[in-house]
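In what follows, a structure is listed as C-alpha cells, so that the remarks can point back to it.
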Amino acid sequence: VVEGKENQDFGQFLPKIALQYNFNDNHRLFFTSARGYKAGGYNIQMFSDLVQGKLMGGMPGSGGAAPASDIEKTISYRPEFNWNNEIGYSGEVIQNKLSLSGALFYICSKDQQVVQFAGTSGFGRVAKNAGKSYSTGAELSVKYKIISNLEANFNYGYTYSKFTEYTDNQNDYAGKFVPFVPQNTVSLFLLYSKALSGKFIDKFSLSAQYNGAGKIYWTDKNDVIQDFYSTLDIGGSINFSIFEVGMWLRNATNSRYNTFYFETLGTGIAQLNRPLNFGTDIKIRF
C-alpha cells in the first residue's frame, strides 16, 4: 500500500494591458499584453506505476521504496505561465460590404504543460512540464458580402511554435516544434440564404465550407508529421413555419488524415478521420 498526502496551492497575479485607438467608428488599432496562467495538478493514472514500484521495492536487491519527494515529483506537474502579446487591426473597409481584421501575436511560455504516454505499463497519459517555448504568428479574418443574399467568410492563421528549453533526461528537444500545433489553419465559408414571401416556406439556405490544417507534429522528436490536409462540407436547409429540414454532406472530398497520434510500448497508434458521410436534421420550434 502506498500512503501519503499531497496538495498544491496557487495564488497568482495576472496583469493585463490593453490599448485601442479608433480612427473613426469603422477603423481601430489595438494592442494587448497579458500574463496567462494554467494551474498545475496531479497525474492520477501514475498511481498504478507507484503501486508496482512499491511492490518491487519489497523484493531483494530492489533498492527499497522511493522517497516521498520522488513520489510527489512523479504524480504532479507545475503550473504553466505565459505572456501573450498581440497587435492588430479591425474595421469595416467597405461599409456593409467588406470587414477585415488581422493580428500579429507572440507568446512566451514557461513550464508549458505537455501530455505524454508514459509509465512502466506503457499506457496512461500524463502531463509534464516542458521548460520554455514560444509561439509567434498571424491571424486574418475577412467577411465579404458578394451580393445581397450571398456572404463569404475567410479565416487564416499561421503559427510558428518551438521549444527553447525542454529535456526528458534522455533527449534534448530545444529547437523542436511544439506537438499538436498546426502551422496553418484556413477556412472559407460561403452562405446563400433567401427569405421567401410565400406562406408555406419562410426561407431556404445553401452553404459550403472548406477547412484546412497542417502541418502538425505529433511527437516531441518531430519524427511523426501530419501534412496539410483539407475537407469540404456542403449543406442546405429549408425553414417552414414551425420546423426546419436540413441536409448535409461532410468531407465531400473523402480526404484521409490523422486526427490524433500517440506512441506506447514503442508502437505508434493513429486515429483516422471520418470518411465521407451525409445525413439530415429536423428541428422543431415551439
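Over 24 Å between Cα atoms, which of K38/K162; K16/K132; K145/K215; K38/K132; K16/K128 qualify?
Pairs exceeding the cut-off: K145/K215; K16/K128.
Quick check on the stretch 245-286: take the gyration tensor over C-alpha atoms, sort the square-rooted eigenvalues as a ≥ b ≥ c, and tell me if it's rounded (a/c under 1.5), prolate or oblate.
Taking the square roots of the gyration eigenvalues as a ≥ b ≥ c, the stretch 245-286 is oblate.
Among 26-38, 204-216, how do they line up from the highest to the lowest mean number of other beta-carbon atoms within 10 Å?
204-216, 26-38
Using alpha carbon coordinates only, what is the Rg to Rh ratio of the stretch 149-277, with Rh defined as the Kirkwood radius? The partial results should precede the final answer.
Details: Rg = 20.9 Å, Rh = 17.7 Å.
Result for the stretch 149-277 is an Rg/Rh of 1.18.
Read-outs: derived from the displayed coordinates by stated rules, not from any lab. This is a predicted model, so every value here is computed, not measured. Reconstructed Cβ throughout: ideal geometry from the backbone, glycine too, with neighbour counts over all protein chains shown.
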